[in-house]
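Undergrad: Quick one: the structure is below, and I'll ask about it shortly.
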Amino acid sequence: MNITKNIHEWLFSLMPEATASIVEMVLIAVVYLAIFAVAGLYLVLLERRVAAWFQLRLGPNRVGYQGLLQTMADALKLVSKELTVTIKADKFLYNLAPYFVIVTALMALSLFPFSKEFQAFDINIGIFFLTAISSIGVIGILLAGWSSNNKFALIGAMRSGVQTISYELSVGLSLLTMVLMTGSLQLSQIVEVQKGGWLIVQGHIPAIIAFCIYMIAGTAETNRAPFDLVEAESELGAGFHTEYSGMKFAYFFLAEFINMFIIAAIATTIFFGAYLSPFGITESIPLLGVFWFLAKTLVLVFLMMWFRWTFPRLRIDQLLVLEWKYLLPLNLLNLVLMALIVLLKLTIHF
Amino acid sequence: MDVGALTTYFYGFRDREMINDIFEETCGARLTMNYNIPGGLMFDIHPNFVKRTKEFIAHFKTKLPEYDLLLTGNVIFQKRMKGIGILSKEDAISFGASGPVGRASGYSCDVRKHHPYSAFDKVTFNEILKTEGDTLARYQVRILEMWESMSIIEQLIDNIPEGDFFAKTNTVIKLPEGEYYERVETARGELGVYIISTGTKSPYRMKFRSPGFSNLSLLNHIAVGGKIGDLVATMATLDLVIPDIDR
C-alpha cells in the first residue's frame with residue numbers, strides 16, 4: 001500500500017536507520033494492538049447478538065446504535081474494577097498467566113495476510129509458527145489454573161491441557177494435509193498457489209475432510225462449546241479464570257474471542273484463499289482484499305458460534321475418544337489420500 | 001441447561017412466558033399464585049382464560065417437536081444422557097422416589113392414577129412409564145408428559161362448569177381430632193401434607209412431604225462412579241429445587 005510505503009520512507013529519511021526501524025516496529029505493534037482490541041470487543045458483541053438471535057432474545061441493543069458501544073462500556077467497567085488476588089495464590093505466576101494468553105494471541109494475529117501488502121510478518125515457516133504459538137497459549141491457562149489455588153480452576157486448567165494437547169494433533173495434521181498441495185509453509189506463498197482456485201476446491205475430497213476435521217479440532221482448541229469443558233459453568237463455576245477479576249479477567253475473555261478469530265482466519269488463509277475474491281478481481285483496490293479476508297473469516301466465526309449455541313457439551317472422556325479414536329486415524333488416512341492425489345496430479349485447477 | 005444446551009432452555013422460556021401470561025390474567029401473579037385457598041379459589045377465571053389456553057395448546061403442539069429436533073436426537077446429548085445415573089425400580093421404591101424420577105425407573109407412582117383427586121377420574125390419560133431408569137429416560141418421561149398434560153387440558157377446557165368458585169368458610173378452621181394425609185401430583189412428584197390435629201385451631205404436628213427431598217437423597221446413591229459432568233446431568237434430571245428440599 002502506498003500509505004505504508006510513504007510512512008516507511010518518511011521515517012527512514014527522518015532518523016538513522018536503527019531508530020527508524022525500531023519506531024516502525026512499535027508503530028506496527030500499536031496498529032495490531034488496536035486491531036486486537038477492536039476485533040476482540042466486537043466479536044464479543046457479535047457473539048452476544050448471535051446468541052440472542054438463536055435463543056429468541058434481543059441481546060444488548062441499548063448502548064449506542066444497536067448496542068454497538070455495549071462491549072466498550074463493559075471494557076471500561078472492567079478496567080475500573082479492583083484487581084483481587086486470593087491470599088493463597090502464587091502471586092508471580094498468577095499475574096503472569098494472562099500475558100501468556102494475550103501475547104500468543106497477538107503474535108498469531110501478526111502473521112495473517114489480510115491483504116497482499118497488509119501482512120506484518122511473513123516468515124517461511126508460517127503455519128508451523130502458528131501451530132507452535134497457539135500451543136504456548138495453553139501454558140497461560142495451565143498457570144492460571146494452578147496458581148489460583150482453587151480446585152475448580154485447577155480442574156478446568158487440567159482439562160484445558162488435555163484437550164489442547166490432543167486436538168493440537170488434529171489441527172496440525174489437517175493443516176499438513178493442505179501443505180502437501182502448496183509445497184510451502186509460508187502464508188503468502190500459500191495464497192499465491194490459490195490463485196488457481198481455493199485449496200478446498202483444488203483438493204476436493206481430502207481437502208473437505210481436512211476442513212471438517214480442522215473446524216472440529218479448532219473449536220476444541222479454542223475451548224468453545226461443545227468442547228467448553230474448561231469453563232463448563234454448571235460444573236466448574238468459571239473454570240480456570242474463576243479467581244481473576246477486572247482487566248486480568250478481560251484479558252482471558254478477549255483472548256478467547258481472538259483465538260476464535262485466529263482459528264477462523266487460519267481456515268480462511270489455508271482453505272478459502274485468504275484475501276482473494278471469489279470473482280477474481282482483487283489486485284486493483286488494496287482494501288478490497290481486507291474486506292474479502294474479513295468477510296470469509298466472519299462467516300467461519302459465525303459457524304463456530306452456531307456450533308456453540310446448538311450443541312450440548314461433551315464429557316471429558318467422550319472428548320478424548322472423539323480425538324484419539326476417530327479424528328486422528330481419519331486424519332492420517334486423509335493425509336495419505338492427499339499425498340496420492342498430489343502424486344497422481346488429480347487436483348482441480350482452473 | 002446443565003449439559004450446556006442453553007438454546008433449548010430459552011425455547012422453554014418462550015413457551016413458559018405464554019403460560020405465565022394466562023396465570024397473570026386470572027390471578028394476578030406469575031410465579032407464586034396462591035390461587036387455591038381453603039374453601040375454593042381466590043377469583044373466578046378470567047373471561048379470556050379458555051380462549052387463551054386453547055391458543056396456547058395449539059401453539060405448543062407445533063413447538064414441542066422443536067425440542068426433540070434440537071436436543072433429543074442430538075448425538076452428543078444422547079451420549080451424555082444414556083446409561084448415566086441408573087436408578088433401579090427397587091431403589092426408586094425404597095428411596096421414596098416419585099414423579100417423573102420414579103416413573104422413569106418403571107415405578108408406577110402417579111397419584112393422579114392411583115388416588116384420583118379433583119377431576120382426574122373423569123379424564124383418560126396414560127401414565128408414562130420407562131424402564132431404563134437412566135438420565136435419558138427421566139428426560140423423555142418429562143417430554144412425553146407434556147403431551148399427556150396437553151391432552152388432559154384439551155379434555156377439560158370446554159367443560160368448566162358455571163357456578164360458585166368459592167364456598168364460605170370460617171376464618172379459623174378447626175380440624176377434628178385425628179391424623180390426616182392428603183397428596184397431589186406435582187411436576188416434580190408427590191407433594192403430601194400430613195397433619196395431626198388435636199382439635200384446636202393450630203395443628204399439633206404438620207409435615208410437608210416434598211418430592212425434592214426424597215429425590216435429593218437418591219443423588220448420593222446413583223451418582224457414584226460417574227464423572228463431574230455426569231453429576232450435573234443427573235442432578236438436572238432429578239429436577240431439584242432448593243427451597244423445595246428445605247421444606
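The values are calculated or read from the model by the stated rules, or taken from the named source; none is laboratory data. Just so we're clear, the structure is a prediction, and the values are computed from it rather than from any experiment. So basically every Cβ, Gly included, is an ideal-geometry build from the backbone, and we count neighbours across all protein chains shown. Note: areas computed on protein heavy atoms with side chains; ligands, DNA, RNA excluded. Shrake-Rupley method; radii C 1.70, N 1.55, O 1.52, S 1.80 Å.
Undergrad: Keeping all protein chains in position, work out how much accessible area B:His46 exposes to a 1.4 Å probe, and write it in Å² to the nearest 10.
TA: Accessible area of B:His46: about 60 Å².
Undergrad: List, by residue number, every residue in the stretch A:208-245 with a reduction of 40 Å² or greater in accessible area between the chain on its own and the complete protein assembly, 1.4 Å probe.
TA: A:Ser234, A:Glu235
Undergrad: Across the stretch A:53-69, in residue order, what do the Karplus-derived ³J(HN,Hα) couplings come to in whole Hz, using 6.51 cos²θ - 1.76 cosθ + 1.60 with θ = phi - 60° and x for Gly and Pro?
TA: Result, rounded to whole Hz: 5, 5, 9, 6, 10, 9, x, x, 9, 9, 7, x, 5, 6, x, 5, 9.
Undergrad: Tell me, what is the percent relative contact order of chain B, built from C-alpha pairs under 8 Å that lie six or more residues apart?
TA: 19
Undergrad: So with the 1.4 Å probe, I'd like the accessible area per residue for the protein assembly as shown, rounded to whole Å².
TA: On a per-residue basis, the protein assembly as shown sits at 51 Å².
Undergrad: I would also like to ask the following. Checking the a/c ratio against 1.5 first, then a/b against b/c, what shape does the Cα gyration tensor give for the stretch A:1-80?
TA: Judged from the Cα gyration tensor, the stretch A:1-80 comes out prolate (a/c at least 1.5, a/b above b/c).
Undergrad: Let me ask something else. Taking square-rooted eigenvalues a ≥ b ≥ c of the alpha carbon gyration tensor, is the stretch B:1-104 rounded, prolate or oblate, where a/c under 1.5 means rounded and, failing that, a/b exceeding b/c means prolate?
TA: oblate
Undergrad: Continuing with this model, one more query. Report the relative contact order of the stretch B:1-67, percent, no decimals, based on alpha-carbon pairs under 8 angstrom and at least 6 residues apart.
TA: Rounded, it is 28 percent for the stretch B:1-67.
Undergrad: Based on alpha-carbon positions alone, could you give the equivalent ellipsoid semi-axes of the protein assembly as shown from the gyration tensor, as √(5λ), descending, whole Å?
TA: Taking √(5λ) for each Cα gyration eigenvalue gives 57, 26, 25 Å.
Undergrad: Ok, one more. Given H placed on each backbone N at 1.01 Å, which residues far from B:Gly106 in sequence or on other chains put an amide H within less than 5 Å of it?
TA: Under 5 Å from the amide H of B:Gly106 lie the amide H atoms of B:Lys130, each far enough along the sequence or on another chain.
Undergrad: From Cα coordinates alone, what are the radius of gyration and Dmax values for the stretch A:88-343 in angstrom?
TA: 18.5, 59
Undergrad: So, one more: What are the ³J(HN,Hα) values, in whole Hz, obtained from phi via the Karplus relation 6.51 cos²θ - 1.76 cosθ + 1.60 with θ = phi - 60°, for each residue of the stretch B:210-225 in sequence order, with x given for Gly and Pro?
TA: 9, x, x, 5, 6, 6, 5, 5, 6, 3, 4, 7, 9, 8, 5, x
Undergrad: Report the normalised scattering of the stretch A:191-253 as log10 I(q)/I(0) at q = 0.22 Å⁻¹, calculated by the Debye formula with identical scatterers on the alpha carbons.
TA: For the stretch A:191-253, the Cα-only Debye profile gives -0.88.
Undergrad: Further, regarding this structure: Quick one: with all protein chains in place, what share of the accessible area of the stretch A:28-157 is carbon or sulfur, to the nearest percent (1.4 Å probe)?
TA: Roughly 71 percent, rounded to a whole number.
Undergrad: Given a cut-off of 25 Å, name the pairs among B:Lys61/B:Lys89; B:Lys79/B:Lys227; B:Lys174/B:Lys207; B:Lys51/B:Lys113; B:Lys63/B:Lys227; A:Lys91/A:Lys151 whose C-alpha atoms lie farther apart than that in the structure shown.
TA: Result: B:Lys61/B:Lys89; B:Lys51/B:Lys113; B:Lys63/B:Lys227 exceed 25 Å.
Undergrad: Using protein chains only (no ligands, no nucleic acids) and a 1.4 Å probe, work out which residues of the stretch B:4-44 have their accessible area cut by at least 40 Å² relative to the chain alone.
TA: Residues of the stretch B:4-44 that lose at least 40 Å² of accessible area once the other chains are added: B:Gly4, B:Leu6, B:Thr7, B:Phe10.
Undergrad: Return a whole-number percent for the relative contact order of chain A, with Cα pairs under 8 Å and 6 or more residues apart as the contact set.
TA: About 22 percent, as a whole number.
Undergrad: Let me ask you something else. Can you list residues whose amide H is under 5 Å from B:Leu87's amide H, if they're 5+ apart or on another chain and H is modeled 1.01 Å from N?
TA: B:Asp134
Undergrad: Between A:Gln189 and A:Thr84, with labels modelled 7 Å along Cα→Cβ, what's the label distance in nm to one decimal, could you check?
TA: 5.2
Undergrad: Could you pull the Cα extents of the stretch A:127-184 along its three principal axes, largest to smallest, in whole Å?
TA: 47, 16, 7
Undergrad: For a quick check, take a GNM of chain B with Cα springs below 10 Å and name the residue from B:Lys79, B:Lys168, B:Lys63 with the largest mean-square fluctuation.
TA: Among B:Lys79, B:Lys168, B:Lys63, the largest GNM mean-square fluctuation belongs to B:Lys168.
Undergrad: Residue by residue through the stretch A:127-140, what is 3J(HN,Hα) from phi via Karplus (6.51 cos²θ - 1.76 cosθ + 1.60, θ = phi - 60°)? Round to whole Hz and write x for glycine and proline.
TA: The phi angles translate into 5, 4, 4, 4, 5, 5, 4, 5, 6, 5, x, 5, 4, x Hz.
Undergrad: State, in square angstrom and to the nearest 100, the accessible area buried between chains B and A, both chains counted, probe radius 1.4 Å.
TA: It comes to approximately 1900 Å² buried between B and A.
Undergrad: Compute the distance from the alpha-carbon center of the stretch B:29-43 to that of the stretch A:303-350, in whole Å.
TA: That distance is 57 Å.
Undergrad: Name the long-range amide H neighbours of B:Arg209: under 5 Å, sequence gap of 5 or more, or other chain; modelled H, no Pro or chain starts.
TA: Those qualifying (amide H under 5 Å, at least 5 residues apart or on another chain) are B:Gly192, B:Val193, B:Tyr194.
Undergrad: Separation of the stretch A:130-152 and the stretch A:233-265 by C-alpha centroid, Å?
TA: 11
Undergrad: Now for a different question. Using only DSSP helix segments of four residues or longer, with each worth -39500 (n - 2.57), what per-residue ellipticity at 222 nm results for the protein assembly as shown after dividing by its residue count and rounding to 500?
TA: When only DSSP H runs of four or more count, the value is -19500 deg cm²/dmol.
Undergrad: Compute the distance in nm between two label points, each set 7 Å from the Cα along the Cα-to-Cβ direction, one at B:Ile195 and one at A:Phe302.
TA: Label-label distance for B:Ile195 and A:Phe302, simple model: 6.1 nm.
Undergrad: For a test of the definition: using alpha carbon positions, the gyration tensor, and the 1.5 limit on a/c, classify the stretch A:214-350 as rounded, prolate or oblate.
TA: The shape class here is oblate.
Undergrad: Right, next: Just to confirm my numbers, what's the Cα centroid distance between the stretch B:108-182 and the stretch B:183-247 in Å?
TA: 18
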